[in-house]
Amino acid sequence: MKQIVIISGKGGTGKTVITGAFAALVCNKIIVDCDVDAPDLYLLLNPKIKEKNVFKSGYLAVIDKNTCVKCRKCQKLCRFKAINDELIVDPIACEGCKFCYYLCPINAITLQEKISGEWFVSETKYGQFIHAKLGIAEANSGKLISLIRKEAIAIAENKQYDWVIMDGSPGVGCPVIACISNTNCAVVVTEPTLSGLHDADRVIQVARHFKVPVKVIINKYDLNNEMTITIEQYCIDNKISLVGKIPFDQTIVDSIVHKKTIMESSNMVLRGLIKQIWDNIIENI
Amino acid sequence: MIISVASGKGGTGKTTIATSLAISALEDVQLLDCDVEEPNAHIFIKPKIDSKESIGVLVPQIDANKCVLCGRCTRICAFNALAIIPNKILVFSELCHSCGACQYICPVKAINEVKKELGTIKIGQKNNIKFIQGELNIGEAIPIPIIKAVKEYIVANKLVIIDAPPGTSCPMIESTKNSDFCLLVTEPTPFGLSDLILTIEVLKKLKISYGVVINRAGLGDEKTEQYCQLNDIPILMKIPFQKEIALTYAKGIPIVEAFPEYKIIFRKVITDIMEIISRDSA
């Protein structure tokens, strides 16, 4: 079983559209939406939820007003400024470090387990799909990603799937690190813009820092041929395999609007291109 | 007045909107790039950087000579940043949230907190724009301390524009928190709408007023606009999908420089926001 993750650095370059296409193309796999902050892959895959689970992210400190003697030790030592002058804990600022709980001389602080989201095991017409929804204004997306990845790997091993294919999130921080670590290949989807290359370069450095092999796709490549050439040169200079270039095509936009993967469109050239890109990705991994 | 520009979904045009607002403003403005994982505003503003500040957090360092291997620090740490093996304590500093609990609990004072660099802040100027950008170091996981440090530069009573990161969790919340208004940039596709709805839920919880910019209008469907109308959400601007606009973006040219007629539209967005804020506070 091999793990492939689709990332980009910059948002909106086409991760989800490409992951959706692979979901429709590749057999004997499980699909995971690791973008738990702003998950969109479900819109293309129309999942039937089979199993619903709550995500317990950690703890929230609660101060019992009746017991509290207002020594303010907790307020003074909380590094997250989560305790206000009325000695009430701000649930958004509290990081659940439990420091105050250990500090309180009279045990007026309790820890409440925090439910920060939900995750689902679903069936789609393209096979099993694991996805999640972070609660509103909740943190800890990295932890939720690690959890659903672990679940997906367990299912894949149990059912002897060949692939775990993951849709990642933008950026280079904790959610991205949580979804790329120990994968067999990170596919970086970029676009021919200065921002696209700038951000792809940063996330490629992160992938290399964690020793994850990288391959690149240039999406909407024909919107700016000059920049596409620059990115091609960047790939050569950095010894990165460029696995494909996808043109800007209204049929891609139309398939998103109709909530279909591009493998369901009538555009045979595009479908052939996706197949070629997948073959290039799995070569030598 | 603090206006943050956010989106939920990435790549909808936050940076385009934030930089163009700053350039179009008739007054001095602070532009804060809080997308510290992937800061891009500098590509469009091209400021002259005058100074830099290294941003670090405190992480534990164990003095092996003093440590008695009692393991209390490993048990108190809520983030698994400390682990005990037979002859030493291991520190995984990238997991540390700098809460300080371990050094406090250590009975033999074997833990010192030392500064570890997480990233850099760059400060510069371009015309009317005071530019402040945070940048997370490669391989670091936690952007929050850098976002907080960028926001320390906010000068009260100035016009402040914040380019926020995508998503709806901690980095986006930290960036938009305490704004007077949040401008949500979306695109007219099911992806854009789904993430817009999530972001609005977050802003409601943070009690921040908001309005919408529809970028690449005409590209997808009408549902985003219908959603805004149905829910009384002001649409402050629509930018049509045009290859010429996409091309100027690709080259790092702000839309208001390539198409100066947009300056008036962006100025109107600022005055509209001011009106909404004064109406809401009345």
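Translational diffusion coefficient of chain B at 25 °C, 0.890 mPa s, Stokes-Einstein with Kirkwood Rh over Cα pairs, in µm²/s as a whole number. Could the numbers behind the result be given before it?
Working: Rh = 20.5 Å.
Taking Rh from Cα pairs, D becomes 120 µm²/s.
Among the listed pairs A:LYS81/B:LYS204; B:LYS48/B:LYS238; A:LYS133/A:LYS159, which are separated by more than 28 Å between their Cα atoms? All intermediate terms of the calculation are to be shown ahead of the outcome.
Numbers: A:LYS81/B:LYS204 22 Å; B:LYS48/B:LYS238 31 Å; A:LYS133/A:LYS159 25 Å.
Going by Cα-Cα distance, B:LYS48/B:LYS238 fall outside the 28 Å limit.
In Å² (nearest 100), what accessible area is buried between A and B, both sides summed, heavy protein atoms only, 1.4 Å probe?
On the way: alone 14480 and 14170 Å², together 23830 Å².
For chain A against chain B, roughly 4800 Å² becomes buried.
For the stretch A:160-201, how big is the tail of P(r) above 13 Å, as a whole percent of Cα pairs? Numbers along the way, then the final one.
Numbers: 518 of 861 pairs.
Taking all Cα-Cα pairs of the stretch A:160-201, the fraction more than 13 Å apart is 60 percent.
Heavy atoms only, 1.4 Å probe, whole protein assembly: order B:LYS66, A:LYS50, A:LYS98 by accessible area, highest first.
On the way: B:LYS66 100, A:LYS50 140, A:LYS98 50 Å².
Listed by decreasing accessible area, they come as A:LYS50, B:LYS66, A:LYS98.
When the expected Rg is taken as 2.2 N^0.38 Å, what fraction or multiple of it is the alpha-carbon Rg of the protein assembly as shown?
Details: Rg = 23.7 Å, N = 567, 2.2 N^0.38 = 24.5 Å.
In units of the 2.2 N^0.38 Å rule of thumb, it is 0.97.
May I have the convex hull volume per residue, in Å³, for the Cα set of the stretch A:20-169?
Numbers: hull volume 17.8 nm³, N = 150.
Cα convex hull per residue, to the nearest whole number: 119 Å³.
What Kirkwood hydrodynamic radius do you get for the stretch B:213-282 when you take the inverse of the mean 1/r over all pairs of distinct Cα atoms, in Å?
Values: mean 1/r = 0.0726 Å⁻¹.
Kirkwood hydrodynamic radius for the stretch B:213-282: 13.8 Å.
Only four residue types carry charge here, +1 at the Cβ of Lys and Arg and -1 at the Cβ of Asp and Glu. Report the dipole size of the protein assembly as shown about the Cα centre in Debye, rounded to the nearest 20.
1540
Can you check what the Kirkwood hydrodynamic radius comes to for the stretch A:56-115, Cα pairs only, in Å to one decimal? Intermediate values should be presented prior to the final figure.
Numbers: mean 1/r = 0.0886 Å⁻¹.
With all distinct Cα pairs of the stretch A:56-115 included, I get 11.3 Å.
Where both partners of a DSSP beta bridge lie in the protein assembly as shown, what percent of those bridges are antiparallel, to the nearest 5? Before the final figure, lay out each step's value.
Values: 50 of 104 bridges.
In the protein assembly as shown, approximately 50 percent of DSSP beta bridges are antiparallel ones.
For the stretch B:43-163, what number results from the quotient of the Cα radius of gyration and 2.2 N^0.38 Å? Kindly include the intermediate steps, with their values, before the conclusion.
Numbers: Rg = 18.8 Å, N = 121, 2.2 N^0.38 = 13.6 Å.
Computed over Cα atoms of the stretch B:43-163, the ratio equals 1.38.
In chain A, what percentage of the DSSP-assigned beta bridges are antiparallel, given to the nearest 5? Intermediate results must be reported in sequence, preceding the final value.
Numbers: 23 of 49 bridges.
Close to 45 percent.
Identify the GluC sites (Glu not before Pro) of the stretch A:34-96 meeting these criteria: DSSP loop state and at most 11 other C-beta atoms within 10 Å of the C-beta. Don't skip to the end; give the middle numbers.
Working: sites: A:GLU51, A:GLU86, A:GLU95; in loops: A:GLU86, A:GLU95.
Here the GluC sites (Glu not before Pro) that fit, given the DSSP loop and packing criteria, are A:GLU86.
Just the accessible area for B:SER93, please: 1.4 Å probe, Å², rounded to the nearest 10?
Using a 1.4 Å probe on the heavy atoms, I get roughly 30 Å².
Under a cut-off of 16 Å between alpha-carbon atoms, report the aspartates and glutamates in cross-link reach of B:LYS126, not counting same-chain residues fewer than 8 places apart.
Leaving aside aspartates and glutamates fewer than 8 places away in the same chain, those within reach of B:LYS126 are B:GLU27, B:ASP28, B:ASP33, B:ASP50, B:GLU257.
Determine the principal axes of the Cα atoms in the stretch A:1-90, then give the extent along each, sorted from largest to smallest and rounded to whole angstroms.
Cα extents, longest axis first: 63, 33, 26 Å.
Considering Cα pairs under 8 angstrom that are at least six residues apart, work out the relative contact order of chain A and quote it in whole percent.
Values: 568 pairs, mean separation 77.0, N = 285.
After rounding, I find 27 percent.
Working from the alpha-carbon coordinates of chain A, get Rg over Rh, Rh being the Kirkwood radius.
Radius of gyration over Kirkwood radius for chain A works out to 1.07.
Considering only Cα-Cα distances, which of the following residue pairs are longer than 31 Å: A:LYS215/A:LYS259; A:LYS114/B:LYS151; A:LYS143/B:LYS88; A:LYS260/B:LYS148; A:LYS245/B:LYS251; A:LYS98/B:LYS207?
Values: A:LYS215/A:LYS259 27 Å; A:LYS114/B:LYS151 28 Å; A:LYS143/B:LYS88 26 Å; A:LYS260/B:LYS148 40 Å; A:LYS245/B:LYS251 19 Å; A:LYS98/B:LYS207 27 Å.
Cα-Cα > 31 Å for A:LYS260/B:LYS148; rest within.
Just tell me how shielded B:35-44 is by partners: mean number of partner chain Cβ atoms within 10 Å of each residue's Cβ, no decimals. Write down the numbers at each step before the final one.
Working: counts 5, 3, 13, 15, 4, 8, 1, 1, 5, 2.
The shielding value for this peptide is 6.
In the stretch B:91-121, what residues drop by 20 Å² or more in accessible surface going from the chain by itself to the full protein assembly, probe 1.4 Å?
SASA drop of 20 Å² or more in the stretch B:91-121: B:HIS97, B:SER98, B:CYS99, B:ALA101, B:TYR104.
How much accessible surface does A:TYR161 have with a 1.4 Å probe, in Å² rounded to 10?
40
May I have the extent of the alpha carbons of the stretch A:211-278 along their three principal axes, as whole Å values ordered from largest to smallest?
Largest to smallest, the principal-axis extents are 39, 28, 18 Å.
Could you order B:HIS97, A:HIS258 by accessible surface area, starting with the largest, using a probe radius of 1.4 Å? Please report the intermediate quantities before stating the final value.
Values: B:HIS97 55, A:HIS258 125 Å².
My answer, sorted largest first, is A:HIS258, B:HIS97.
Would you compute, from DSSP H runs of 4+ residues alone, the mean residue ellipticity of chain A at 222 nm, taking -39500 (n - 2.57) per run and dividing by the full residue count, rounded to the nearest 500? Numbers along the way, then the final one.
Values: 10 runs with 103 residues, N = 285.
It lands at -10500 deg cm²/dmol.
Kindly sort A:PHE129, B:PHE92 by accessible area of their heavy atoms, largest first, with the probe set to 1.4 Å.
Details: A:PHE129 0, B:PHE92 80 Å².
Most to least solvent-accessible, the answer reads B:PHE92, A:PHE129.
Please state the relative contact order of chain B as a whole percent: Cα pairs under 8 Å, 6+ residues apart?
Numbers: 574 pairs, mean separation 76.9, N = 282.
Relative CO of chain B lands at 27 percent.
Show which aspartates and glutamates lie in cross-link reach of B:LYS205 when reach means a straight Cα distance below 12 angstrom and same-chain residues fewer than eight apart are skipped.
Leaving aside aspartates and glutamates fewer than 8 places away in the same chain, those within reach of B:LYS205 are A:GLU138.
Can you give me the solvent accessible area of A:ASP35 with a 1.4 Å probe, rounded to the nearest 10 Å²?
The accessible area of A:ASP35 comes to roughly 20 Å².
The values are calculated or read from the model by the stated rules, or taken from the named source; none is laboratory data. Fair warning: this is a prediction, and the values are worked out from it, not measured in the lab. Please note: Cβ atoms are built from the backbone with ideal geometry, for glycine as well, and neighbour counts cover all protein chains shown. We work out accessible area using only protein heavy atoms, side chains counted, and drop any ligands, DNA or RNA first. Shrake-Rupley method; radii C 1.70, N 1.55, O 1.52, S 1.80 Å.
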